[in-house]
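Structure first, commentary second.
The values are calculated or read from the model by the stated rules, or taken from the named source; none is laboratory data. Quick caveat: nothing in here was measured; it's all calculated off a predicted structure. So basically every Cβ, Gly included, is an ideal-geometry build from the backbone, and we count neighbours across all protein chains shown. Calculation scope for accessible area: heavy atoms of the full protein, side chains included, ligands and nucleic acids excluded. Shrake-Rupley method; radii C 1.70, N 1.55, O 1.52, S 1.80 Å.
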Amino acid sequence: MSIESTAGDAALTRRIAELEAELEAAHRRISELERIVERGYGMVDAIPAMVYFKDRQHRYLYGNRAFVERINMRPEEMVGKTDHELFPPEVAEAYIADDERVMATGEASMGVELPVTRPDGTIGWVSNSAVPYRDKTRSITGMVGIAIDITRRKRAEEELRRSQEVQRALLDTIPAMIYFKDRQHRYILGNRIFAAAAGISVDEVAGKTDHDLFLPEDAAAYITDDEQVMATGEPHLGIEEKITEADGRTTWLMVYKAPFRDNQGAVTGMVGIAFDVTARKAMEEELHRTQAEQRALIDHQAHLLAMIRQLSTPVLPVTDDTLVMPLIGDIDTARSRQITEALLKSVQRYRARWMIIDITGVPLIDTAVANHLILATQGIALLGARTILVGVSPELAQTIVGLGIDVKKLMTHSDLRSAIAFVMKRRQTSSPTR
C-alpha cells in the first residue's frame, strides 16, 4: 500500500466521522424540534378555545383538542376536511365567507360572532378571530383561527333582550308616564307616554336632562324636587306638577317619586311615575266655578227672600211714634210668624207707641193666623205700645170671639184713614213725652 493510499483512507475516515457527528447533531436537533412542536401543540391543546389551521383551499390542516372535541372527530380524520364536510350548510357558508375574506384581503378578522354546531347537535355561538398565514415569500397560504364559545353569553344577552322587551312592553302598557333618572339628573329611560310628552322617541330619552326636554321654568322645578328626593332618600308621593308638553299643551300630573338605591343602599338615582290628572283638574275647576255660581245664586236668593219678606211684612212709619203695617194677600202660618217678628222688631227699633195693622187686603184669616195676630198684639203691649186692627171682617171677628179673647182690649177701626186720624188726635191731647 502506498503512502498516498494510506493518507486518502485517513481523510475519508475523518470525513465519515464528521458526517456521522453532523447526522447525530441533526437527529438531536430534530428531536429537540419535535419536543418543541410537541410542547407547542400541547400548549395549544391546553387552550380551552378552539384553535385551527386552514390552507388556501379551506381544508383543515390542524385542530386542537377543543376543536376536535367540538366536531366529535379524531384529529387524523379531521385533516383535509372542509367546512361543508364538518358543519351544516348554513354554518359552513358563514365560516367560509369570513375565512375567505381574511385570506383574500390579508387582514385579520377579530371577534366575529358565528354560529357553531355543539356536541349535542344544537347550534351555539363562537367569537371567531382569524389571521392570514404567510410563507417565506409573504404569500398567503392559509389562515390560523381561534374560536371562543360565547353560547352562554349569547343566551344571557338573548334572555336580557327578552326581559328588556317584556319590561318595555309593561312600561308602555301602563297608562302613566314612567321614567328613571341617575344621580346627575340624566334620564336613563322613559316609557312611551313620557317620550310622547317630551316630543321625542323612546330611544332618544337616555342621556337627556330636564333642560333638554322641557321649558326652563318647568325643568328647574323638576330638578329641585327630584334633587330633594335623591338627597334625602325620602319619597314624594302624590305631588301635583304642571308640565308643558312638546305640542304646547299644559298637562297636570299626579307624581310619585322614590329614590333608587344600589346593593350598598346608596342612592344612585330615582324612579318617577306620573298620572295625567288634567281631566280631573278641569272637573275640579268647573266644580269650583259651579260652587261659586251656586253660592252667588244662594246669596242672591237670600237677598230676594229678604226683600220679599220685607215686602210681605212692610212696616211704614207715619210719625215718629206711629207705625203702619199694611198686609195684602193670603197669610199662612209661616208668614204670620214673619209678621209677628217684624212687628215686634219695628216697635223696638222705632220706639213706637202705636202700631196700626191693616188687614183689609187679606181675604181670609184662619184660627191659627188669628191667634198669631192676637199674640203679636200682646207682645206689642209688653213693649209699651198699643195696637189698632184695621179692616176686621165679620169672619175674623167671629174667629176672635171663638178663641175666647177679651175683645175689650182690642182697638179696631174700619179703615186706615180713621185709625191714623184717631192716633193723631190722641197724640195732640197726650203729653209730648213718653
**Prompt:** Has region 160-175 got at least one residue that is closer than 12 Å to I273 by Cα, at pLDDT below 90 and open to solvent by 40 Å² or more (accessible area, probe 1.4 Å)?
**Reply:** yes
**Positions within region 238-272 being assigned to a strand (DSSP E or B) and among the aliphatic types (A, V, I, L, M), in sequence order** = I239, I243, L253, M254, V255, A258, V267, M270, V271
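Okay, residues lined up against (1) at pLDDT 90 or above; (2) more than 27 Å from E157 (Cα to Cα); (3) among the hydrophobic types (A, V, I, L, M, F, W, C):
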position	(1), (2), (3)
P89	no, no, no
I96	yes, no, yes
A108	yes, no, yes
E113	no, no, no
D120	no, no, no
N128	no, no, no
V131	yes, yes, yes
**Message:** Looking for something part of a helix (DSSP H, G or I), surrounded by 14 or more Cβ atoms within 10 Å (Cβ to Cβ) and at pLDDT below 80 - is there at least one such residue anywhere in region 317-335?
**Reply:** yes
**Item:** Number of positions in region 104-155 that are open to solvent by 60 Å² or more (accessible area, probe 1.4 Å), assigned to a helix (DSSP H, G or I), closer than 29 Å to M73 by Cα and not charged (D, E, K, R)
**Value:** 1
**Prompt:** In region 16-55, which residues are open to solvent by less than 80 Å² (accessible area, probe 1.4 Å), closer than 27 Å to S127 by Cβ and at pLDDT 70 or above?
**Reply:** V44, D45, A46, I47, A49, M50, V51, Y52, F53, K54, D55
**Request:** Check whether at least one residue in region 178-186 is among the hydroxyl-bearing types (S, T, Y) and either in a helix (DSSP H, G or I) or closer than 30 Å to F214 by Cα (or both), and report yes or no.
**Result:** yes
**Prompt:** Which of the residues belonging to region 155-186 are touching a Ser or Thr at 6+ places or on another chain (Cβ under 7 Å) and free of Cβ contacts under 8 Å to residues at least 60 places away in the same chain?
**Reply:** H185, R186
**Asked** Which of the residues spanning region 206-241 are in contact with a Phe, Trp or Tyr (Cβ under 9 Å, 6 or more places away or on another chain) and closer than 13 Å to K181 by Cα?
**Response** A206, G207, K208, T209, D210, Y222, M230
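Search region 267-286 for residues being surrounded by 11 or more Cβ atoms within 10 Å (Cβ to Cβ) and of a type in the set (A, V, I, L, M), and hand back the single one that is farthest from A176 (Cα to Cα). Lay out the reasoning, then the answer.
Taking region 267-286 as the starting set, the residues that turn out to be surrounded by 11 or more Cβ atoms within 10 Å (Cβ to Cβ) are 267-278, 280-284.
Those still in the list that are of a type in the set (A, V, I, L, M) too: 267, 270-271, 273-274, 277, 282-283.
Values: V267: 24, M270: 16, V271: 13, I273: 7, A274: 6, V277: 10, A282: 18, M283: 19 Å.
Out of the qualifying residues, it is V267.
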**Output for region 225-247, where each listed residue is within 23 Å of I200 (Cα to Cα) and polar (S, T, N, Q)** = T244
**Prompt:** Scanning for something part of a strand (DSSP E or B), free of Cβ contacts under 8 Å to residues at least 40 places away in the same chain and either open to solvent by 80 Å² or more (accessible area, probe 1.4 Å) or of a type in the set (S, T, N, Q) (or both), does region 221-236 turn up at least one residue?
**Reply:** no
